[in-house]
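Q: Here it is, the structure, as structure tokens.
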2 protein chains.
Amino acid sequence: MKFSKKLEQMEHSPIRKFYKYAAEAERKGKKIFYLNIGQPDIKTPKVYFDAIKHFNEEVLAYMPSQGIPELIEAMRKYYEQHKIYYDSEDIIITQGGSEALTFTMLCITNDGDEIIVPEPFYTNYNIFIKGTGAKIVPLTTKAEDGFHFAKREDIESKITKRTRAILLTNPGNPTGTVLSKNEMRMIADIAKEHDLFIISDEVYREFVYDGSPMTSFGQLPDVKDRVILIDSISKRFSACGARIGAVITRNKELQNHLMKLCQGRLASPTLDQVGAVALYNLPSDYFDDVIKEYQKRRDVVYDYLSKIEGVVCQKPSGAFYLTAKLPVNDAEEFLIFMLTAFEDHGETVMFAPVEGFYETEGLGRDEIRIAYVLNTKDLTRAMELLKFGLEKYLTLTTV
Amino acid sequence: MKFSKKLEQMEHSPIRKFYKYAAEAERKGKKIFYLNIGQPDIKTPKVYFDAIKHFNEEVLAYMPSQGIPELIEAMRKYYEQHKIYYDSEDIIITQGGSEALTFTMLCITNDGDEIIVPEPFYTNYNIFIKGTGAKIVPLTTKAEDGFHFAKREDIESKITKRTRAILLTNPGNPTGTVLSKNEMRMIADIAKEHDLFIISDEVYREFVYDGSPMTSFGQLPDVKDRVILIDSISKRFSACGARIGAVITRNKELQNHLMKLCQGRLASPTLDQVGAVALYNLPSDYFDDVIKEYQKRRDVVYDYLSKIEGVVCQKPSGAFYLTAKLPVNDAEEFLIFMLTAFEDHGETVMFAPVEGFYETEGLGRDEIRIAYVLNTKDLTRAMELLKFGLEKYLTLTTV
């Protein structure tokens with residue numbers, strides 16, 4: 001039997017390929033501090049579970065393909081509170097941010113069309129973009145520059161006749177980089193000039209630190225037809241298992257195409273939508289403590305890492321990730337060492353090698369992503385383990 | 001901005017386009033018996049809601065991309081009870097049968113590849129197949145033949161170098177037609193001879209009437225590498241809002257490609273999976289009453305319809321649909337008449353015109369699909385309304 005060339009050329013998610021080593025280490029009784037995936041430890045607000053417990057229909061029926069009106073309205077109000085103004089027909093509920101991105105790609109690209117993506121980028125963009133037939137054109141960024149990418153000449157040099165959109169994560173994953181208002185303005189200008197969509201994946205929107213204001217591409221009125229916001233409740237409310245996301249656009253033609261795909265898959269999960277309504281109706285000060293907690297964690301990780309000799313990183317301004325350059329040749333090899341050959345009092349740490357987050361061959365081999373999704377005590381210990389492990393690894397490899 | 005040609009050429013789901021007329025009729029106080037979509041009225045078993053109420057993790061986390069092991073095991077046992085033997089690695093949980101079909105298409109087709117589909121077919125196959133870049137090659141069936149399609153020469157005449165699979169719904173939607181063992185054997189032989197996949201959408205597997213045995217393409221050992229079962233809990237347990245389906249295959253290469261897409265979208269909904277475990281663990285006699293009820297309903301609909309002059313239909317053997325040919329030129333026009341111009345004591349009936357279920361232009365214009373998803377009393381009244389409406393419509397149009 002024959003298979004799709006797209007899928008044959010596609011690799012498995014690089015975040016997940018080290019699990020066999022972790023499983024083996026656990027089997028041997030090693031304790032692992034997991035900093036490799038963006039699964040927060042923050043409790044899912046109880047209102048979510050309560051709302052679902054109070055669901056009392058006898059038939060669990062299909063909901064409207066666009067999403068239940070209560071959730072759309074709750075999201076509309078949430079955006080309004082953040083000075084992001086949308087109408088209810090602009091908000092389409094999806095099965096996670098993943099479906100939002102897949103549907104967007106199916107709607108705006110033909111086979112071989114190009115999407116400009118700053119690298120390193122969230123690795124699953126590979127699946128959404130290449131799996132539906134388009135190409136990723138990477139815009140390389142560097143640890144030394146804090147992974148900023150908004151230089152007009154760099155972006156413009158990547159634009160061809162096949163370019164359909166710039167896809168960015170803001171705040172960034174795996175970098176934690178937050179765009180300034182000036183950078184956003186410039187990207188919007190480029191999009192207008194070259195007739196491109198801006199796909200702004202803002203699933204970490206709330207997580208901006210040091211009192212920086214939260215900004216969104218949804219706030220720029222002159223590109224309202226070009227901006228496609230990708231959203232999700234997974235990180236915002238620590239509800240990853242709910243699979244509720246959204247694609248938000250004022251572009252009527254895009255809405256029309258998106259709705260065809262939504263009607264095809266009938267509906268998003270009913271109970272998760274009911275729970276999500278309760279989450280969006282939480283008072284907005286819910287985020288205050290969460291943001292404080294993540295900022296503390298970021299500080300723990302950054303302060304520790306920046307004192308380790310040979311490590312290069314800038315203090316990230318948002319999300320809950322930090323990408324750092326280590327004084328190693330191959331972070332994947334170093335990770336396997338940490339899982340198989342290293343321990344300190346029976347403990348070790350797992351992180352994500354960043355090579356798989358780059359499109360350009362050979363880049364990021366010495367970089368790792370740390371997801372600060374544990375409490376500060378555990379994070380401190382995890383950083384200590386990283387330091388000890390690195391020292392030991394360097395002794396062994398420089399012999 | 002530019003859009004995907006695939007999406008530009010795609011139409012909206014034809015089942016849904018008559019809602020505006022229905023909404024307007026309801027606004028005017030008309031009562032509508034809805035027989036147009038496959039949303040059963042059967043109560044979702046209470047165990048589903050109970051299992052979810054007892055979920056007591058504090059963080060609603062991502063589950064494994066393949067699905068939670070408890071659900072995979074519960075499904076494996078369910079298949080085993082039906083003499084369909086799979087290993088747990090063969091079962092991949094998806095976000096509804098829709099995702100199962102979309103992922104299958106992404107894995108096995110390149111742009112322009114062909115899928116043979118007996119018509120009339122479930123209209124959303126258009127979205128899954130054309131939305132991902134492949135083509136539908138229809139195999140036309142007729143009301144007069146009970147919509148049977150398994151004739152070797154007909155199927156073989158559709159096979160080209162680009163054919164990748166035969167996709168069929170068994171029991172059928174919108175036809176209710178069930179394949180005989182001989183027909184399945186012959187389709188399996190063709191698939192072997194021409195190196196094709198058989199994608200067998202068996203979401204109505206239980207709903208087979210008159211004591212006929214339930215059969216599955218998963219029971220044919222010599223095509224085990226070519227069979228892709230599509231499954232879902234939506235109809236089986238009247239849990240449409242749960243968005244839990246599965247793609248089941250023994251083909252290792254296909255499993256590998258499917259898992260890339262599954263890892264890309266991270267996971268299926270956690271709570272719905274927890275509820276689904278409880279559903280699959282129901283005693284198998286749960287289905288006895290449900291099947292009896294649907295058989296009674298089928299008989300009510302069929303007996304009534306077959307007595308209306310000019311209506312052509314065969315008694316369907318499965319699913320909960322019946323497709324009938326009416327003595328009208330345009331069933332869409334007749335439906336609009338039923339919603340806008342007809343009523344009997346303030347009541348009318350809604351059904352699905354079948355034209356949109358055909359790929360071949362112009363076919364099915366005089367056919368309607370009835371989903372017998374109401375109790376027998378309501379169904380009897382609905383059939384009466386159909387008869388009255390048809391009589392009135394024919395008087396008006398033959399003047």
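Values in this text are rule-based calculations from the coordinates and carry no lab data. Because the structure is predicted, anything quoted here is derived from the model rather than measured. So basically every Cβ, Gly included, is an ideal-geometry build from the backbone, and we count neighbours across all protein chains shown.
Q: What order do you get for B:GLU309, B:GLU293 when you list them from fewest to most C-beta neighbours inside 10 Å? Before the final figure, lay out the partial values.
A: Numbers: B:GLU309 9, B:GLU293 17.
Exposure proxy ranking, most exposed first: B:GLU309, B:GLU293.
Q: Once the Cβ-Cβ distance between B:ASP303 and B:ARG152 is put in as r, and R0 is 56 Å, what FRET efficiency do you end up with, to the nearest 0.05?
A: Details: r = 34 Å, r/R0 = 0.61.
E between B:ASP303 and B:ARG152, to the nearest 0.05, is 0.95.
Q: Show me, for region A:314-327, the HN-Hα J-couplings you get by feeding each phi into the Karplus relation (A = 6.51, B = -1.76, C = 1.60, θ = phi - 60°), rounded to Hz, glycine and proline as x.
A: 9, 5, x, 9, x, 6, 10, 10, 9, 10, 10, 8, 9, x
Q: Would you mind pulling out the separation of the Cα centroids of region B:285-318 and region A:288-353, in Å?
A: Here the answer is 64 Å between Cα centres.
Q: Report, in whole Å, the centroid distance computed from the Cα atoms of region A:207-273 and region B:141-212.
A: For region A:207-273 versus region B:141-212, the Cα centre distance is 40 Å.
Q: Okay, moving on. Using the Karplus curve 6.51 cos²θ - 1.76 cosθ + 1.60 with θ = phi - 60°, what ³J(HN,Hα) values do you get for each residue of region B:28-35, in whole Hz, with x for Gly and Pro?
A: 7, x, 6, 8, 10, 8, 8, 10
Q: Once you put a point 7 Å from the Cα of B:LYS30 and another 7 Å from the Cα of A:GLU391, both along the Cβ direction, what distance in nm separates them?
A: 8.1 nm
Q: To continue, here is another question. Report the gain in length on full extension from B:LYS315 to B:THR140: 0.36 nm times residue separation, minus Cα-Cα distance, nm rounded to one decimal. Could the numbers behind the result be given before it?
A: Details: separation 175, 0.36 × 175 = 63.00 nm, distance 1.89 nm.
Using 0.36 nm per residue and subtracting the Cα-Cα distance, I get 61.1 nm.
Q: OK, next. Taking the DSSP beta bridges in region B:46-280 as the whole, what percent of them are antiparallel, to the nearest 5? Provide the component values of the computation, followed by the final result.
A: Working: 9 of 27 bridges.
Antiparallel bridges make up about 35 percent of those DSSP assigns within region B:46-280.
Q: Take every DSSP beta bridge whose two residues both sit in the protein assembly as shown, then give the antiparallel share in percent to the nearest 5.
A: Details: 38 of 82 bridges.
Restricted to the protein assembly as shown, the bridges split so that about 45 percent are antiparallel.
Q: In which sequence would B:THR395, B:THR175 go, from the one with the fewest C-beta neighbours within 10 Å to the one with the most?
A: On the way: B:THR395 9, B:THR175 31.
Listing B:THR395, B:THR175 from fewest to most nearby Cβ atoms yields B:THR395, B:THR175.
Q: Further question on the same structure: When the expected Rg is taken as 2.2 N^0.38 Å, what fraction or multiple of it is the alpha-carbon Rg of region A:131-246? Kindly include the intermediate steps, with their values, before the conclusion.
A: On the way: Rg = 14.5 Å, N = 116, 2.2 N^0.38 = 13.4 Å.
Against the compact-globule rule of thumb, the ratio is 1.08.
Q: Kindly write out, for region A:376-389 in residue order, the coupling ³J(HN,Hα) from the Karplus curve 6.51 cos²θ - 1.76 cosθ + 1.60 (θ = phi - 60°), rounded to whole Hz, with x marking Gly and Pro.
A: 5, 5, 5, 5, 4, 5, 5, 5, 4, 4, 4, 4, 4, x
Q: Counting only residues 5 or more places away or on other chains, whose amide H sits under 5 Å from the amide H of A:SER232 once H atoms are built in the peptide plane?
A: It is A:ALA246, by chain and number.
Q: Sum up the charges of everything whose Cβ sits under 13 Å from the Cβ of B:PRO221, counting Lys and Arg as +1 and Asp and Glu as -1, but leave B:PRO221 out.
A: Numbers: positive: B:LYS83, B:ARG185, B:LYS192, B:LYS224, B:ARG226, B:ARG250; negative: B:ASP222, B:ASP225.
With Lys, Arg at +1 and Asp, Glu at -1, the neighbours total +4.
Q: Which whole number gives the average count of other chain Cβ atoms within 10 Å of the Cβ atoms across peptide B:91-101?
A: Values: counts 0, 0, 0, 0, 8, 7, 2, 6, 4, 0, 2.
For peptide B:91-101, the averaged partner shielding equals 3.
Q: Which distance in Å, rounded to a whole number, links the C-alpha centroids of region B:5-52 and region B:80-113?
A: Their Cα centres are 25 Å away from one another.
Q: Can you pull the Kirkwood radius for the protein assembly as shown, inverse mean 1/r over Cα pairs, to one decimal in Å? Don't skip to the answer; put the middle values down first.
A: On the way: mean 1/r = 0.0360 Å⁻¹.
Mean inverse Cα-Cα distance, inverted, gives 27.8 Å.
Q: Send over the Kirkwood Rh of region A:324-399, from the inverse of the averaged 1/r over different Cα pairs, rounded to one decimal Å.
A: Details: mean 1/r = 0.0776 Å⁻¹.
Kirkwood radius, region A:324-399: 12.9 Å.
Q: Please compute the average number of Cβ atoms from other chains found within 10 Å of each residue's Cβ in peptide B:13-21.
A: Details: counts 7, 1, 1, 5, 1, 0, 1, 0, 0.
What the average comes to for B:13-21 is 2.
Q: Here is a follow-up. If you build the convex hull over the alpha carbons only and average its shadow over all orientations, what do you get for region B:1-137? Give it in nm² to one decimal. Write down the numbers at each step before the final one.
A: Numbers: hull surface 56.8 nm².
Directional mean of the projected Cα hull area for region B:1-137 stands at 14.2 nm².
Q: Please compute the modelled spin-label separation between A:MET186 and B:TYR19, points set 7 Å along Cα→Cβ, answer in nm with one decimal.
A: About 4.4 nm separates the two model spin labels.
Q: Moving on. Under 5 Å between amide hydrogens, which residues at least 5 positions from A:THR163 or on another chain qualify, with H placed 1.01 Å from N in the peptide plane?
A: A:GLU114
Q: Run the Debye formula on the Cα coordinates of region A:114-183, all scatterers equal and no solvent, and tell me log10 I(q)/I(0) at q = 0.12, 0.25 1/Å.
A: For region A:114-183 at q = 0.12, 0.25 Å⁻¹, log10 I(q)/I(0) is -0.30, -1.21.
Q: Another one. In a Debye calculation with equal point scatterers on the alpha-carbon sites of region B:46-280 and no solvent, what is log10 I(q)/I(0) at q = 0.09, 0.14 Å⁻¹?
A: -0.36, -0.88
Q: Continuing with this model, one more query. At 222 nm, what helix-only mean residue ellipticity would the protein assembly as shown give, in deg cm²/dmol to the nearest 500, using -39500 (n - 2.57) for each DSSP H run of four or more? Don't skip to the end; give the middle numbers.
A: Numbers: 26 runs with 299 residues, N = 798.
Calculated mean residue ellipticity at 222 nm is -11500 deg cm²/dmol.
Q: What does the average come to when, for each residue of peptide B:235-241, you count the partner chain Cβ atoms lying within 10 Å of its Cβ? Write out the running numbers ahead of the final one.
A: Details: counts 0, 0, 1, 4, 4, 8, 17.
Average neighbour count from other chains, rounded to a whole number: 5.
Q: Moving on. Would you mind giving the three semi-axes, in whole Å and largest first, of the ellipsoid equivalent to region A:15-94 according to its Cα gyration tensor?
A: Working: eigenvalues 284, 74, 40 Å².
Square roots of five times the eigenvalues give 38, 19, 14 Å.
Q: Something else about it: Could you work out the local net charge near A:PRO171, counting Lys and Arg as +1, Asp and Glu as -1, over the other residues with Cβ closer than 15 Å to its Cβ? Please report the intermediate quantities before stating the final value.
A: Values: positive: A:LYS181, A:ARG205, A:LYS235, A:ARG236, A:ARG297, A:ARG298, A:LYS315, A:ARG369; negative: A:GLU183, A:ASP201, A:GLU202, A:GLU206, A:ASP210, A:ASP231.
Here the charged neighbours net out to +2.
Q: Taking Cα atoms of chain A, Rg/Rh with Kirkwood Rh, to two decimals? Walk me through the intermediate numbers first.
A: Numbers: Rg = 21.2 Å, Rh = 21.9 Å.
Here the Rg-to-Rh quotient is 0.96.
Q: Based on the mean of other Cβ atoms within 10 Å per residue, sort peptides A:254-267, A:61-74, A:115-128 so the most packed one is first.
A: Peptide ranking by packing, descending: A:115-128, A:254-267, A:61-74.
Q: Next question, about the same structure. Quick check on the exposure proxy: order B:MET186, A:MET10 from fewest to most C-beta atoms within 10 angstrom. Walk me through the intermediate numbers first.
A: Values: B:MET186 16, A:MET10 19.
Ascending Cβ contact count within 10 Å gives the list B:MET186, A:MET10.
Q: Moving to a separate point now. Apply the a/c threshold of 1.5 to the C-alpha gyration tensor of region A:198-293 and tell me whether it is rounded, prolate or oblate. Working shown, then result.
A: Working: a/c = 2.65, a/b = 1.21, b/c = 2.18.
Oblate, since a/c reaches 1.5 and b/c is not below a/b.
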